[in-house]
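Just below is one structure, and these are the notes that go with it.
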Amino acid sequence: MATAAGRAGLGLAGTRKVLGNSLEGMASPVWVRCLFTRSNIPDSVFQPRPGDHEKYGGNPEEPHKIHVITRIKSVIGRPYWEKKIIRDLGLDKAHQPRLHKNIPSVNSRLKVVKHLIRIQPLKLPHGLPTEEELSSTFLTSRGELIIKKRLKPVEQKKIKA
């Protein structure tokens with residue numbers, strides 16, 4: 001009785017045929033859950049590909065130090081481990097860039113969710129900002145850290161008449 005109520009809640013009340021003691025035409029929830037576990041993802045997904053550097057414009061001899069990571073797709077309907085990685089990286093909101101170091105521990109997590117995010121190198125067209133300039137910097141959508149130079153007032157000289 002409890003299983004019939006559970007199927008009714010899922011909209012599956014009339015989709016079964018009973019032949020003896022077996023159900024026909026409906027997949028077992030345990031069987032479906034086994035299809036989407038992390039252990040069934042092939043290892044080739046997590047291995048580096050030789051053409052990745054050329055495709056994304058990187059230089060393998062001098063890699064960039066900081067990634068600008070932006071989530072561009074939704075996590076609705078994605079597996080729990082992808083949602084956890086997105087949450088741990090601070091990418092809860094879409095199109096909000098976050099900065100992360102270019103280290104193997106972060107890169108291995110980024111490869112798992114690479115279909116949901118955009119990764120760009122941090123570009124510094126004006127060089128590294130100083131302590132005073134940090135408050136007037138902003139990050140563009142192209143991954144550039146721009147420093148807004150503020151004008152300083154000029155001392156006015158007194159005019160003697």
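Side notes on the structure shown:
- Subset of region 104-125 (residues that are within 15 Å of residue 89 (Cβ to Cβ), open to solvent by 50 Å² or more (accessible area, probe 1.4 Å) and either in contact with an Asp or Glu (Cβ under 8 Å, 6 or more places away or on another chain) or of a type in the set (Ser, Thr, Tyr) (or both)): 105, 108, 109
- Flag not set for residue 73, criterion: touching an Asp or Glu at 6+ places or on another chain (Cβ under 9 Å) and loosely packed, with under 15 Cβ neighbours inside 10 Å.
- Selection status of residue 67, in contact with a strand residue (DSSP E or B) (Cβ under 7 Å, 6 or more places away or on another chain) and open to solvent by 70 Å² or more (accessible area, probe 1.4 Å): no
- Residue within region 70-87 that is over 25 Å from residue 42 (Cα atoms) and either in contact (Cβ under 8 Å) with a residue 24 or more places away in the chain or of a type in the set (A, V, I, L, M, F, W, C) (or both) present: yes
- Among the residues of region 105-146, the ones that are more than 17 Å from the chain's Cα centre (by Cα), more than 16 Å from residue 66 (Cβ to Cβ) and of a type in the set (A, V, I, L, M, F, W, C) come to 0 in all.
- Filtering region 126-161 to residues that are open to solvent by 100 Å² or more (accessible area, probe 1.4 Å) and of a type in the set (D, E, K, R) leaves 131, 132, 142, 148, 149, 150, 152, 155, 157, 158, 160.
The values are calculated or read from the model by the stated rules, or taken from the named source; none is laboratory data. Since the model is a prediction, treat every value here as computed from it, not as a measurement. Note that each Cβ is placed from the backbone with ideal geometry, even for glycine, and that neighbours are counted across all protein chains shown. These accessible areas exclude ligands, DNA and RNA; they are computed on the full protein's heavy atoms, side chains included. Shrake-Rupley method; radii C 1.70, N 1.55, O 1.52, S 1.80 Å.
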